[in-house]
Amino acid sequence: MLYYLTSQSIWLSGIIIIGGGTLLSMLGPLLVRHYVALDRLTINNEIAGFKFATVGELYAVLLAFVIIVVWEKLSARRSK
């Protein structure tokens with residue numbers, strides 16, 4: 001597959017990669033909504049909301065630490 005993509009033009013390869021990824025990401029929710037009842041999805045949405053909020057908060061804290069470390073290294077580098 002990789003050889004096929006690299007042997008084609010950049011536009012065709014881009015359309016295949018982006019279009020294929022988009023189609024796959026659209027197909028997943030359609031299949032889930034077709035096979036799973038709406039009341040079960042509603043319960044899972046409430047649980048997933050708390051999980052996403054927790055992951056978002058952890059990401060924000062880690063990102064803040066990364067920014068602080070980079071800023072301190074930049075300040076140390078400038079003072080030399």
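The values are calculated or read from the model by the stated rules, or taken from the named source; none is laboratory data. Everything numeric here is computed off the predicted structure, so don't read it as measured data. All Cβ positions, even for glycine, are placed from backbone atoms using ideal geometry, and neighbour counts span all protein chains on display. These accessible areas exclude ligands, DNA and RNA; they are computed on the full protein's heavy atoms, side chains included. Shrake-Rupley method; radii C 1.70, N 1.55, O 1.52, S 1.80 Å.
For the chain, set up a GNM with springs between Cα atoms under 10 Å and report which of Ala37, Ala64, Ala48 has the largest fluctuation. Fluctuation is largest for Ala64. Starting from the Cα of Leu5, step 7 Å toward the Cβ, then list every residue of the stretch 11-35 with an amide N under 15 Å from that point. The answer is 11-25, whose backbone nitrogens lie closer than 15 Å to the label point.
The fraction of accessible area contributed by carbon and sulfur in the chain is 73 percent, rounded to a whole number (1.4 Å probe; ligands and nucleic acids excluded). Proximity of backbone amide H atoms, modeled 1.01 Å from N, is registered between Gln8 and no other residue at under 5 Å, excluding neighbours fewer than 5 places apart on the same chain.
Applying the Karplus relation 6.51 cos²θ - 1.76 cosθ + 1.60 with θ = phi - 60° to the stretch 70-78 yields 3J(HN,Hα) values of 5, 5, 5, 5, 5, 5, 5, 5, 5 Hz, where x marks Gly and Pro.
Its Cα centre serving as origin, the chain has a Cβ charge dipole (Lys and Arg +1, Asp and Glu -1) of approximately 440 debye.
Surface exposure of the chain, expressed per residue as accessible area with a 1.4 Å probe, stands at 96 Å². The simple Förster model, with R0 at 25 Å and r as the Cβ-Cβ distance, assigns Ile17 and Tyr59 a FRET efficiency of 0.40.
Per-residue ellipticity at 222 nm computed for the chain from its helices equals -32500 deg cm²/dmol, with DSSP H segments shorter than 4 residues left out and the rest contributing -39,500 (n - 2.57).
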